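Here is the structure we will look at, set down as structure tokens.
The values are calculated or read from the model by the stated rules, or taken from the named source; none is laboratory data. Everything quoted here is computed from the prediction, not taken from an experiment. So basically every Cβ, Gly included, is an ideal-geometry build from the backbone, and we count neighbours across all protein chains shown.
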Number of protein chains: 2
Amino acid sequence: MQINLIPGGFSISLNGLEILRHTAASPALFVGHGEERMDMYRGNFEIDDYVVERTPLAHAVVTGERIEFSAAEGLPARFVMTVSGDHLATEALDPTINRVWLRVAAEKDEHVWGGGEQMSYFDMRGRKFPLWTSEPGVGRDKSTEITFKADVTGKSGGDYYNTNYPQPTYISSRKYALHVETTAYSVFDFRRDGFHEIEIWAVPERLEFFSGSSFIDLVGQLSNRFGRQPTLPDWVYGGAILGLKDGENSFARMEKMREAGVKVSGLWCEDWVGLRHTSFGARLFWDWQANEARYPSLRQKIAELNDSGVRFLGYVNPYLCVDGPLFPVADAKGYFAKDDQGKTALVDFGEFDCGVVDFTNPDAADWFAEEVIGKNMLDFGLSGWMADFGEYLPIDVKLSNSVDAKLMHNAWPTLWAEVNAKAVASRGKTGEALFFMRAGFTGVQAHCPLLWGGDQSVDFTRHDGLVTVICGALSSGLLGNAYHHSDIGGYTSLFGNVRTPELIMRWAEMAAFTPVMRSHEGNRPKDNLQIDQDAEVLAHFARMTSIYVHLAPYLRELSDEAASTGLPVQRPLFLHHENDRNTYAIQDAYLYGRDLLVAPVWQAGQAEREVYLPQGETWVHVWSGAAHTGGETVTVPAPLGQPPVFYRQGAARETLFQSIKAA
Amino acid sequence: MQINLIPGGFSISLNGLEILRHTAASPALFVGHGEERMDMYRGNFEIDDYVVERTPLAHAVVTGERIEFSAAEGLPARFVMTVSGDHLATEALDPTINRVWLRVAAEKDEHVWGGGEQMSYFDMRGRKFPLWTSEPGVGRDKSTEITFKADVTGKSGGDYYNTNYPQPTYISSRKYALHVETTAYSVFDFRRDGFHEIEIWAVPERLEFFSGSSFIDLVGQLSNRFGRQPTLPDWVYGGAILGLKDGENSFARMEKMREAGVKVSGLWCEDWVGLRHTSFGARLFWDWQANEARYPSLRQKIAELNDSGVRFLGYVNPYLCVDGPLFPVADAKGYFAKDDQGKTALVDFGEFDCGVVDFTNPDAADWFAEEVIGKNMLDFGLSGWMADFGEYLPIDVKLSNSVDAKLMHNAWPTLWAEVNAKAVASRGKTGEALFFMRAGFTGVQAHCPLLWGGDQSVDFTRHDGLVTVICGALSSGLLGNAYHHSDIGGYTSLFGNVRTPELIMRWAEMAAFTPVMRSHEGNRPKDNLQIDQDAEVLAHFARMTSIYVHLAPYLRELSDEAASTGLPVQRPLFLHHENDRNTYAIQDAYLYGRDLLVAPVWQAGQAEREVYLPQGETWVHVWSGAAHTGGETVTVPAPLGQPPVFYRQGAARETLFQSIKAA
């Protein structure tokens, strides 16, 4: 990066691209002091800020790479930026500063993407995005009844920006990326024509800039920066991971589905730990070991499953319930986060209390990795699990590293991923055992082999239904998360909202064109249709698993590519078509690798779909074989079982793609 | 007021009471710059502010009565305060300043009241109150279905602070009052223990302070400051004003009600101007003159009514519909506000457009007072009217006085009141013709003889039902509005919410103990129960009008007292019991004059009610005659027809009060 002196100030450019422009009349930096209010309700937050001071630091003195800022000439410097390579190091000289606002140069027609895993808006321009890991919300749209009811009953309706996985990093259509290295609450405000405003509730470690010759180049750089996942485990290519939580009955149900033609790679039983019965219904028992009552002789069953080519997967999260056998062990060792009085902090998860394992204590993290995940899960025979609940660190606990829990809250998902990855590595199972997370933050990429899109509602809604999964895959994929998948059929069924056969089928159609197909029975299995309860749905699902398996050779190449280049499996259209600006805001279709274009049907009752095909290629509709010249929006039939998918004419795997329809 | 030098700063005290304390380490003044976004949707506003700068002006130099503020020593002064008597004059030396924040000294257990006419919270401590005249909202509680539906369908759900009549004035339990002289958007923030923060989106004219030996003294001072209403017209004491809008059928319905024993002082027909039929239902025709089709021979009817002791009242608002005969007259004279292009601005009120009569043009105001109100209404025989819609001035019109409409928006209700008062005065009818307004702002007191509490929902809800009217009467009463009343039975019936007989009866019970009893058919008369449709309701109403008439000698004394001292008719308990702090937060009971304590039943299905009785007096329950020593909460039976009312033993009107039950 280069500092250039301009009349009344300076500008900073990155390979010739102006990133920052500061003059006394139009300052780029504001500092001050805020008093935040943050209230957490079971993973949902109410946050507001009383900004006591916001002072433009209008006066800047540049000395070499160092820029000293003050409010006016003659006043002492309050803030320093130092340009070093592609980083901008920041330092406050005034200890009262706990808010920093930085204006980054913007152009009116600029697009921006990223922000972690965003579920509502892929192109973030025109909106404001707080970056704070939390429940994403139920409904996520203040104009819907479900959101209203979730808000009123549990403060849990959410909004467009709520996500399990925020990250203060974006890519601009100007072909640069910006990353703020901080775990503090921050806000990206992309609402103004001439600048983006970055707000940080702390003095950040630094700001990092990346410039690229192409978007592919930028994505590769970010993947190098944040970490890269191993290739997918071989066993995954065998079919879908069936999510069943029906105790030992799960095995028989799986067999029946296999008999119906479903290709199965894994059986995922989150209830492997047993159940707790509360007034809200059955919950998992939050003590992480097999439950003999619910799954008798499970090791034997797992071995038999493996013999038949199917892996077994479970569930874990970073809490331990007070009435389970692990709690007193961890408590005796002092491994839990503490309350104000120095006692073990207890968190109410709904009629049961839990301790928070304090991963800032290396001994506690090691204990959890070895004794819980290592021995109880990996050594027991599990090949994977959902690593849930990374986003719930209470903001008022006292941690072993003495850092404010408000600063550790965003860091928690990555610490949690690291504990899981360490356990997997300790057994030499990296790239073989597959855990999946919804929570994330900067650096989760280095540890978590697979994202899952969190708890969608069981519907086609714009902000909490099927379509949001695409947005999540594309945004997180740009920041170095190569693998994304979701609960087929969605998860959250509340207030009478239940799954339709159509929803499950449309979701399965999409999932066949993602790295991992996995089903879920949802939060209320008995109230909702299950795949094995409807012959049409079951046959459709079986066929989609065949397509998934058919595409395995291609997916294996994409996985190799991801491991070597950092390119995600699911990609926004613009990644391979950066000169076609029509692709920049598309968030309901994606490239599956370079050569397949997938445009899932994401609304109910559709017989056809419009799809924009990028310029410069010929795109062949896989079901009809019709070829379309790119650069236009086409409408194709989209009956159930024929999701709009196109291959790129001349692709290396053309023959494989041509035979999708026969799979 | 006195400036005192203290280490590192100064303090300002008012008769020994510290009001402001400023030091470099803890500044009292912040200035800066904001970029507001204000969107209006039919009287409802979405407002937010991008605060670009908020600088503490830490450095203060006191020279005599003048205080110059700068951000730091050595920097030029940006703001000046000048202490002059009980005023604090303010001046910005920096033209970029459009936001001012001032911290006023506060105590932890302090209470604050005022803010204009507040409908949700009488004691404002612990909350933040934007002061901007608007629709108050339907439901006004984000946790209710009605509010949600109103928000989604019309952005009209509102919140606790939305009011037709805000005013940047408060009274503190420390026995001082503060008034900000400005019409700009402002915010009173009473959420902090150690200070109140006053935010103003402009440099205010000045801040005015009042100190009092008692709350009664303070209320009297505010009434002197803002203006005082005349006594009630003699004719009002004759009974209720019946609100009917049934065309000429209204007369027959009134007669039937009189035959049933209802005492009637006036007949109020808002549809006297005729109707317009829209897809939303019948609306009034916004052209202000009698409609011969709907009310044939109305002058004759009015004369006959007057002969029988009943006055006739109508309706007017400051808009003129484009398809009425008055519009082209005003348009030809250039009396309407203009749009950006200098053309007459047209405002859509729902399938019909109107011009906004520009009251900043003295000729336009005079024309409206003389030609519309004077000739069409007063000379026609009207004895009063609802003067509606003062809160709708669009913020983007161009006005004759060249002041930004954002600054005139809050001023509009007072200008509108002045036009009405001028018309009344021109006919020598001050204190005789009675118009009533819901909209208000600083100074409306001098012109508007009677407030009406706006459009409550037809229910018992906490934030939009019957009880909110008490809060409105008490808060506005402290600021010099002696007379308040409301629509008996409420007004707004939406989303299936309709009146119950109980609601009408409870409302009438309360209204009998207010300055004016007036009924309203509501926004959807045909969907809702009317008083004359139910024998029990009608008989109950008749009895309540008898009680109202019975109390007329007492009310006449209260009206004389209001005219001479500025004390409101309805008073918070603490006004006469300032040493009893138990009374400070009570907002669901009031004193009706000094000698009656009224505690309306404001919830459904109640057979009794708890009432706090102030210390130092003996309170006699008017229905049972039971005497209670003050200082305790008592529970009294409260069947329909017996609202909890107590008189002060030994009151001058004791005999009158004893015979209420026989009225």
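Among what's in the stretch A:544-597 and is of a type in the set (Val, Ile, Thr) and more than 14 Å from A:LEU613 (Cα to Cα), pick the residue that is surrounded by the fewest Cβ atoms within 10 Å (Cβ to Cβ).
If we take residues in the stretch A:544-597 being of a type in the set (Val, Ile, Thr) and more than 14 Å from A:LEU613 (Cα to Cα), then A:THR565 is surrounded by the fewest Cβ atoms within 10 Å (Cβ to Cβ).
Within the stretch B:534-541, is there a residue that is crowded, with 24+ Cβ neighbours inside 10 Å, modelled with pLDDT of 95 or more, under 20 Å from B:ARG438 (Cα atoms) and not hydroxyl-bearing (Ser, Thr, Tyr)? Reasoning before the result, please.
Of all residues in the stretch B:534-541, those crowded, with 24+ Cβ neighbours inside 10 Å come to B:541.
When the remaining residues are screened for being modelled with pLDDT of 95 or more, the result is B:541.
Checking the rest, the ones that are also under 20 Å from B:ARG438 (Cα atoms) come to none.
Checking the stretch B:534-541: not a single residue is crowded, with 24+ Cβ neighbours inside 10 Å, modelled with pLDDT of 95 or more, under 20 Å from B:ARG438 (Cα atoms) and not hydroxyl-bearing (Ser, Thr, Tyr).
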Subject >> Count of the stretch A:133-151 residues which are within 14 Å of chain B (Cβ to nearest Cβ), part of a loop (DSSP other than H, G, I, E, B) and not small (Gly, Ala, Ser) >> reply: 3
Subject >> Residues of the stretch A:39-57 that turn out to be at the interface with chain B (Cβ under 10 Å from one of its Cβ atoms) and of a type in the set (A, V, I, L, M), as a count >> reply: 2
Original post:
Looking at A:LYS155, is it within 14 Å of chain B (Cβ to nearest Cβ), touching a residue at least 60 places away in the same chain (Cβ under 8 Å) and within 30 Å of B:SER156 (Cβ to Cβ)?
Top reply: yes
Original post:
For A:GLY115, which of the numbered conditions (1) within 14 Å of another protein chain (Cβ to nearest Cβ); (2) under 30 Å from A:SER486 (Cβ atoms); (3) outside any loop (DSSP other than H, G, I, E, B) fails to hold?
Top reply: (1)
**OP:** Within the stretch A:58-69, track down each residue that is away from chain B (no Cβ under 12 Å) and assigned to a loop (DSSP other than H, G, I, E, B).
**Re:** A:GLY64, A:GLU65
Original post:
Is it the case that some residue within the stretch B:66-77 is out of contact with any Gly (no Cβ under 7 Å at 6 or more places or on another chain), within 25 Å of B:ILE395 (Cα to Cα) and of a type outside the set (Gly, Ala, Ser)?
Top reply: no
Original post:
From B:LEU538, B:LEU551, B:LEU479, B:LEU503, which residue is touching a residue at least 12 places away in the same chain (Cβ under 8 Å) and over 22 Å from B:LEU242 (Cα atoms)?
Top reply: B:LEU479
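Of all residues being assigned to a strand (DSSP E or B) and not hydroxyl-bearing (Ser, Thr, Tyr) in the stretch B:153-168, which is nearest to B:GLU117 (Cα to Cα)? Just the residue, please.
Taking the stretch B:153-168 as the starting set, the residues that turn out to be assigned to a strand (DSSP E or B) are B:163, B:166-168.
Checking the rest, the ones that are also not hydroxyl-bearing (Ser, Thr, Tyr) come to B:166-168.
Values: B:PRO166: 6, B:GLN167: 8, B:PRO168: 11 Å.
Per the stated criteria, the residue is B:PRO166.
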Original post:
When the residues of the stretch B:229-288 are filtered to those that are over 21 Å from B:PRO515 (Cα atoms) and among the β-branched types (Val, Ile, Thr), which remaining residue is surrounded by the most Cβ atoms within 10 Å (Cβ to Cβ)?
Top reply: B:VAL273
Original post:
When you look at B:VAL80, is it under 30 Å from B:PHE210 (Cβ atoms), aliphatic (A, V, I, L, M) and in contact with a strand residue (DSSP E or B) (Cβ under 7 Å, 6 or more places away or on another chain), yes or no?
Top reply: yes
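Would you mention how many residues in the stretch A:256-299 are among the acidic types (Asp, Glu) and farther than 24 Å from A:PHE436 by Cα? Walk me through it before giving the result.
Residues of the stretch A:256-299 among the acidic types (Asp, Glu): A:259, A:270-271, A:287, A:292.
If we keep only those that are farther than 24 Å from A:PHE436 by Cα as well, we get A:259, A:292.
So the count comes out to 2.
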Subject >> Evaluation of B:SER26 against (1) within 12 Å of chain A (Cβ to nearest Cβ); (2) outside any loop (DSSP other than H, G, I, E, B) (one fails), failing number >> reply: (2)
**OP:** Given the conditions (1) under 28 Å from A:VAL549 (Cα atoms); (2) not assigned by TED's automatic domain parsing to the domain that holds A:ASN523, report the number of the one that A:PRO325 does not fulfil.
**Re:** (1)
**OP:** Only residues that are surrounded by fewer than 20 Cβ atoms within 10 Å (Cβ to Cβ) and part of a helix (DSSP H, G or I): list them for the stretch A:312-335, please.
**Re:** A:PRO328, A:VAL329, A:ASP331, A:ALA332
Original post:
Taking the stretch A:77-88 on its own, how many of its residues are within 14 Å of chain B (Cβ to nearest Cβ) and of a type in the set (D, E, K, R)?
Top reply: 1
Original post:
Residues of the stretch B:569-602 being part of a loop (DSSP other than H, G, I, E, B), touching a residue at least 40 places away in the same chain (Cβ under 8 Å) and farther than 18 Å from B:SER172 by Cα, which ones?
Top reply: B:VAL569, B:ASP588, B:ALA589, B:ARG594, B:ASP595, B:ALA599, B:PRO600, B:VAL601, B:TRP602
Original post:
Going by the structure shown, is B:GLY74 more than 14 Å from chain A (Cβ to nearest Cβ) and surrounded by fewer than 19 Cβ atoms within 10 Å (Cβ to Cβ)?
Top reply: no
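Rundown of residues vs (1) part of a helix (DSSP H, G or I); (2) in the same structural domain as A:THR144 (by TED's automatic domain parsing); (3) surrounded by 23 or more Cβ atoms within 10 Å (Cβ to Cβ), yes/no style:
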| residue | (1), (2), (3) |
| --- | --- |
| A:GLY477 | yes, no, yes |
| A:GLY496 | no, no, no |
| A:ILE504 | yes, no, yes |
| A:TRP507 | yes, no, yes |
| A:THR514 | no, no, yes |
| A:ASN523 | no, no, no |
| A:ASP532 | yes, no, no |
**OP:** Working only within the stretch B:336-348, note down all residues that are in a loop (DSSP other than H, G, I, E, B) and closer than 17 Å to B:PHE389 by Cβ.
**Re:** B:ALA337, B:ALA345
Subject >> Residue in the stretch A:412-465 that is surrounded by the fewest Cβ atoms within 10 Å (Cβ to Cβ), counting only those that are more than 15 Å from A:PHE226 (Cα to Cα), in contact with a Lys or Arg (Cβ under 9 Å, 6 or more places away or on another chain) and of a type in the set (A, V, I, L, M, F, W, C) >> reply: A:PHE460
**OP:** Kindly list, by first and then second residue, each pair from a residue in the stretch B:357-375 that is free of Cβ contacts under 8 Å to residues at least 60 places away in the same chain to a residue that is surrounded by fewer than 17 Cβ atoms within 10 Å (Cβ to Cβ), limited to pairs with Cβ atoms under 6 Å and residues at least 6 apart or on different chains.
**Re:** B:THR360/B:ASN401; B:GLY374/B:SER426
**OP:** Go through B:GLY137, B:GLY115 for me and flag whichever is closer than 21 Å to B:ILE395 by Cα and not assigned by TED's automatic domain parsing to the domain that holds B:HIS485.
**Re:** B:GLY137
**OP:** Specify which of the listed residues (B:ARG127, B:ARG103) is farther than 16 Å from B:PRO56 by Cβ and either within 14 Å of chain A (Cβ to nearest Cβ) or buried (at least 18 other Cβ atoms within 10 Å of the Cβ) (or both).
**Re:** B:ARG127
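Limited to the stretch B:631-657, what total is found for residues that are in contact with a Leu (Cβ under 9 Å, 6 or more places away or on another chain) and surrounded by 21 or more Cβ atoms within 10 Å (Cβ to Cβ)?
So the first thing to find is which residues in the stretch B:631-657 are in contact with a Leu (Cβ under 9 Å, 6 or more places away or on another chain), and the list is B:631-634, B:644-648, B:651, B:653, B:656-657.
Filter once more, so that each one left must be surrounded by 21 or more Cβ atoms within 10 Å (Cβ to Cβ): B:644-648, B:657.
Matching residues across the stretch B:631-657 total 6.
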**OP:** Select from the stretch B:23-42 the residues that are over 17 Å from B:ALA202 (Cβ atoms) and either surrounded by fewer than 21 Cβ atoms within 10 Å (Cβ to Cβ) or of a type in the set (Val, Ile, Thr) (or both) and list them in ascending order.
**Re:** B:THR23, B:ALA24, B:ALA25, B:SER26, B:ASP39, B:MET40, B:TYR41, B:ARG42
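If you go through the stretch B:310-322 one residue at a time, do you hit one that is over 26 Å from B:CYS448 (Cβ atoms), of a type outside the set (S, T, N, Q) and not assigned by TED's automatic domain parsing to the domain that holds B:TRP268? It would help to see each step written out before you state the result.
Pass one, the stretch B:310-322, residues over 26 Å from B:CYS448 (Cβ atoms): B:322.
Okay, now just the ones that are also of a type outside the set (S, T, N, Q), so B:322.
With not assigned by TED's automatic domain parsing to the domain that holds B:TRP268 added as a condition, the list becomes B:322.
Yes, the stretch B:310-322 contains a residue that is over 26 Å from B:CYS448 (Cβ atoms), of a type outside the set (S, T, N, Q) and not assigned by TED's automatic domain parsing to the domain that holds B:TRP268.
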